[in-house]
Amino acid sequence: MLDRIAALGRVTLDTVAGAGAALLMLLKALIGKPNVRKSWPLLMQQMYAVGVLSLIIIVVSGLFIGMVLGLQGYNILVDFGAEQSLGPMVALSLLRELGPVVTALLFAGRAGSSLTAEIGLMKATEQLSSLEMMGVDPLRRVIAPRFWAGFYSMPLLALVFSAVGIFGGYLVGVRWLGVDEGAFWSVMQANVEWGQDIVNGIIKSLVFAFVVTWIALHKGYSCTPTSVGISRATTSTVVTASLAVLGLDFVLTALMFG
Amino acid sequence: MQTASHVPSQSSSPCADDEALVVIDSIDFAHGFGAHQVYRGLSMRIPKGKITAVMGPSGIGKTTLLRLIGAQLRPQQGKITFAGVDIHALGRTELYDVRKRMSMLFQSGALFTDMTVYDNVAFPLREHTELPESMIDTIVKLKLEAVGLRGARHLMPAELSGGMARRAALARAIALDPELVMYDEPFAGQDPISMGVIVKLIKELNQSLGVTSIVVTHDVAEVMTIADYVYIIANKTVVGHGTPAELKRSSNPLIHQFLHGEADGPVPFHYAAPSLADDLLGAQHAR
């Protein structure tokens with residue numbers, strides 16, 4: 001019994017210490033006088049690495065998910081003679097939910113795991129220590145640009161995902177199954193609201209971007225600098241970030257639409 | 001077990017405090033909330049402009065000592081001063097400013113893998129100076145010339161041999177002309193030619209630039225040829241120090257064991273364990 005209480009205490013202490021370390025890492029990385037001349041090229045480099053290089057997986061996934069939504073939605077709506085509502089159904093599903101959530105899950109798997117592995121390897125090969133000893137703060141030089149790149153990239157990727165998904169729904173619904181094109185777009189335009197749907201989707205994306213990038217960076221920065229340690233940290237990034245996204249999605253949905 | 005108090009030269013020092021660039025004053029350090037004590041009451045003086053070797057058996061915490069001097073780690077007791085400044089009392093910004101005056105050659109080289117050798121050496125200059133690229137180019141080529149790698153400046157770190165990577169890292173370490181260079185196991189895993197080259201480079205840098213050097217190593221033969229002063233660490237503290245000639249004459253059994261590479265002595269060959277007979281019988285009973 002005492003052993004179990006001690007184990008519980010240890011886990012609690014580790015969890016609190018880990019959360020504190022993650023928060024401190026982020027605060028130290030982000031708070032300070034910005035140096036635009038040095039930060040801008042680093043930010044662009046990371047935007048390319050985490051944003052541009054994630055475009056393919058986002059576009060392809062968005063297209064297929066939109067096509068599936070179009071097909072499934074049509075099969076359900078046609079029974080009620082409501083196939084003209086296919087446009088808003090596809091658009092609202094993507095803008096409110098699937099765009100931000102699936103983008104965040106794909107981002108965690110593609111860019112998040114890559115960030116963790118990269119920083120973990122930099123730690124294992126003493127590159128972070130050598131930066132410190134050169135008088136260069138690794139939190140400002142390595143962590144900060146990656147964090148901002150993830151934070152700015154993910155909402156843009158989510159918008160791309162939703163746009164491509166809507167196009168996929170259009171291809172299946174209008175071009176293949178024969179839903180009226182005018183009805184598809186006009187009913188969508190009439191039912192999708194800027195504030196309620198698009199802005200809320202962007203807010204969700206920003207929250208997911210913050211959490212996923214933070215988790216990925218912290219897991220890399222705090223990993224045990226061995227091959228097993230980096231492997232565990234990479235897996236942990238994908239699992240933790242995915243669960244955090246799904247949990248937060250419920251909370252945000254309840255706050256926005258509940 | 002030999003303790004520091006039994007070492008005849010323990011009370012002496014290579015220099016006065018004001019002639020020392022680094023003063024380590026009775027530090028205690030432990031990893032993991034005291035679970036693993038590394039140092040207890042360790043003191044050292046690192047004289048300005050000299051090569052000081054720090055030797056000791058593997059796993060004794062020699063690299064930890066360099067991380068303490070660089071303030072990557074913080075001692076639980078005692079203090080470390082660099083050029084008269086208590087390095088652990090500094091704020092983050094001041095600490096990073098002080099670190100520009102020191103550098104460290106890591107055992108692995110720690111070159112940035114996504115940059116060429118040239119960009120690695122240029123990195124500290126681009127980060128900490130406002131020099132024009134033309135001047136940075138000149139400095140980088142001169143530093144690479146000093147380590148014999150000017151012709152390899154376009155190579156990526158993955159294309160270098162271990163010895164070349166160590167030399168490239170050395171060029172980067174001296175790019176800003178630091179007052180202190182700390183070498184972490186510079187000879188480990190080197191072939192005899194690379195080892196000879198690195199020994200020569202450390203000596204030349206010290207003589208030509210007056211750089212204060214701390215060489216952490218367990219390669220006795222190499223370091224004794226270039227060191228001005230030597231500290232030997234064991235049992236969590238300094239067990240002996242002096243010039244190489246003084247240490248060679250020492251009758252201290254621990255120093256003798258270390259310098260002559262004897263398998264057993266005050267530093268035991270076996271990790272602490274119950275007797276073999278008890279262990280084997282215990283295992284049989286347990287089975």
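The values are calculated or read from the model by the stated rules, or taken from the named source; none is laboratory data. Note that the structure is a prediction, hence the values are computed from the model and not measured. Positions of Cβ are generated from backbone atoms using ideal geometry, with glycine treated the same way; all protein chains shown enter the neighbour counts. These accessible areas exclude ligands, DNA and RNA; they are computed on the full protein's heavy atoms, side chains included. Shrake-Rupley method; radii C 1.70, N 1.55, O 1.52, S 1.80 Å.
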Legend entry - Over 15 Å [Cα-Cα, region A:1-63], rounded percent: 74
Inset, instruction - With springs only between Cα atoms under 10 Å apart, run a GNM on chain B and tell me which of B:Asp228, B:Asp191, B:Asp28 wobbles the most. - result: B:Asp191
Inset, instruction - Give B:Lys48/B:Lys141; B:Lys100/B:Lys143; B:Lys50/B:Lys236 a once-over and call out the pairs whose C-alpha atoms are over 19 Å from each other. - result: B:Lys48/B:Lys141; B:Lys50/B:Lys236
Inset, instruction - Stick to the Cα atoms of region B:118-226, pair each with every other, and give me the Kirkwood hydrodynamic radius in Å at one decimal. - result: 14.4
Inset, instruction - Express in Å², to the nearest 10, the accessible area of B:Leu247 obtained by rolling a 1.4 Å probe over the protein heavy atoms while all chains stay in place. - result: 10
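Can you give the translational diffusion coefficient of chain A in µm²/s, computed by Stokes-Einstein from the Kirkwood radius over Cα pairs at 20 °C and 1.002 mPa s? Before the final figure, lay out the partial values.
Working: Rh = 20.0 Å.
Answer, rounded: 107 µm²/s.
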Inset, instruction - Any chance you could look up the accessible area of B:Arg92 with a 1.4 Å probe, heavy atoms only, rounded to 10 Å²? - result: 90
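Could you order A:Ser236, B:Ser58 by accessible surface area, starting with the largest, using a probe radius of 1.4 Å?
On the way: A:Ser236 35, B:Ser58 90 Å².
I get B:Ser58, A:Ser236, largest accessible area first.
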Inset, instruction - Place +1 on the Cβ of every Lys and Arg and -1 on the Cβ of every Asp and Glu in region A:36-257, take the dipole about the Cα centre, and give the residue among A:Phe250, A:Val192, A:Tyr152 whose Cα lies farthest towards its positive end. - result: A:Tyr152
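Of the DSSP beta bridges with both residues in chain B, give the percent that are antiparallel, rounding to the nearest 5. Please list the in-between numbers first.
Numbers: 20 of 38 bridges.
The answer is about 55 percent antiparallel.
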Legend entry - Computed P(r) (all Cα pairs; chain B; 10 Å bins; percent): 6, 26, 32, 22, 10, 4, 1, 0
Inset, instruction - State to the nearest 20 debye the size of the charge dipole of region A:36-257 about its Cα centre, where the only charges are +1 on K and R beta carbons and -1 on D and E beta carbons. - result: 900
Inset, instruction - Scan around B:Val54 for amide H atoms under 5 Å from its own, H built in the peptide plane at 1.01 Å from N, and keep only partners 5 or more places away or cross-chain. - result: B:Val215, B:Val216, B:Thr217, B:Tyr231
Inset, instruction - Give me the percent of DSSP beta bridges within the protein assembly as shown that run antiparallel, rounded to the nearest 5. - result: 55
Inset, instruction - Can you figure out the FRET efficiency of A:Leu255 with B:Thr93, using R₀ = 41 Å and their beta-carbon distance, to the nearest 0.05? - result: 0.55
Inset, instruction - Can you tell me the FRET efficiency between A:Ala6 and A:Arg37 if r is taken as the Cβ-Cβ distance and R0 is 51 Å, rounded to the nearest 0.05? - result: 0.45
Legend entry - FRET efficiency, A:Leu13 to B:Leu73 (Cβ-Cβ, R0 30 Å, nearest 0.05): 0.90
Inset, instruction - Keeping every protein chain in place, order A:Ile215, B:Ile193 by accessible area at 1.4 Å, biggest value first, i.e. largest first. - result: B:Ile193, A:Ile215
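Would you mind classifying the protein assembly as shown by shape? Square roots of the alpha carbon gyration tensor eigenvalues, ordered a ≥ b ≥ c; an a/c under 1.5 is rounded, otherwise it is prolate if a/b is larger than b/c and oblate if not. Numbers along the way, then the final one.
Details: a/c = 2.90, a/b = 2.01, b/c = 1.44.
Taking the square roots of the gyration eigenvalues as a ≥ b ≥ c, the protein assembly as shown is prolate.
Chains B and A: what accessible area do they bury, summed, in square angstrom to the nearest 100, with a 1.4 Å probe?
Values: alone 14240 and 13630 Å², together 25930 Å².
Between B and A, the summed buried area is about 1900 Å².
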Legend entry - Reciprocal mean inverse distance between Cα atoms of region B:14-142 - Kirkwood radius, Å: 16.8
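Would you compute, from DSSP H runs of 4+ residues alone, the mean residue ellipticity of chain A at 222 nm, taking -39500 (n - 2.57) per run and dividing by the full residue count, rounded to the nearest 500? Write down the numbers at each step before the final one.
Numbers: 11 runs with 189 residues, N = 258.
Computed mean residue ellipticity for chain A: -24500 deg cm²/dmol.
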Legend entry - A:Trp194 paired with A:Ala82, simple spin-label distance in nm, labels 7 Å along Cα-to-beta-carbon: 2.8
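Using unit Cβ charges (K, R positive; D, E negative) and no other charged atoms, how large, in debye to the nearest 20, is the dipole of the protein assembly as shown about its Cα centre? All intermediate terms of the calculation are to be shown ahead of the outcome.
Values: 42 positive and 44 negative charges, 112 e Å.
That gives the protein assembly as shown a dipole magnitude of about 540 debye.
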Legend entry - Accessible-area ranking of B:Lys200, A:Lys204, largest first, probe 1.4 Å: B:Lys200, A:Lys204
Legend entry - Point-charge dipole on Cβ atoms (K/R +1, D/E -1) for chain B, about Cα centre, debye to 20: 20
Inset, instruction - Take chain B, connect every pair of alpha-carbon atoms lying under 10 Å apart with a spring to form a Gaussian network, then pick out the residue of B:Val239, B:Val22, B:Val220 with the largest mean-square fluctuation. - result: B:Val220
Inset, instruction - With a 1.4 Å probe and every protein chain left in place, tell me how much accessible area B:His256 has, in Å² to the nearest 10. - result: 70
Inset, instruction - Grab the Cα-Cα distance for B:Ser58 and B:Glu130, subtract it from 0.36 nm times how many residues apart they are, and report the gain in nm with one decimal. - result: 21.7 nm
Inset, instruction - On a C-alpha basis, how far is the centre of region A:70-131 from the centre of region A:182-258 in Å? Whole number, if you could? - result: 8
Inset, instruction - Using only Cα atoms, find the angle between the long axis of helix B:276-286 and the longest principal axis of chain B, and express it within 0 to 90 degrees, rounded to the nearest 10. - result: 80
Legend entry - Nearest 10 degrees, 0 to 90: helix A:181-191 Cα axis against chain A principal axis: 60
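Taking 0.36 nm per intervening residue step and subtracting the Cα-Cα distance, what contour gain separates B:Leu281 from B:Ala35 on full extension?
85.6 nm
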Legend entry - Rounded tilt (10° steps) of B:117-128 against the dominant C-alpha axis of chain B: 80
Legend entry - Between region B:192-270 and region B:68-129, the alpha-carbon center distance in angstrom: 24
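Grab the DSSP H runs of chain B that are 4 residues or longer, score each as -39,500 (n - 2.57), total them, divide by all residues and round the 222 nm result to the nearest 500 deg cm²/dmol. Could you put the intermediate results ahead of the total?
Details: 10 runs with 104 residues, N = 287.
Helix-only estimate at 222 nm: -11000 deg cm²/dmol.
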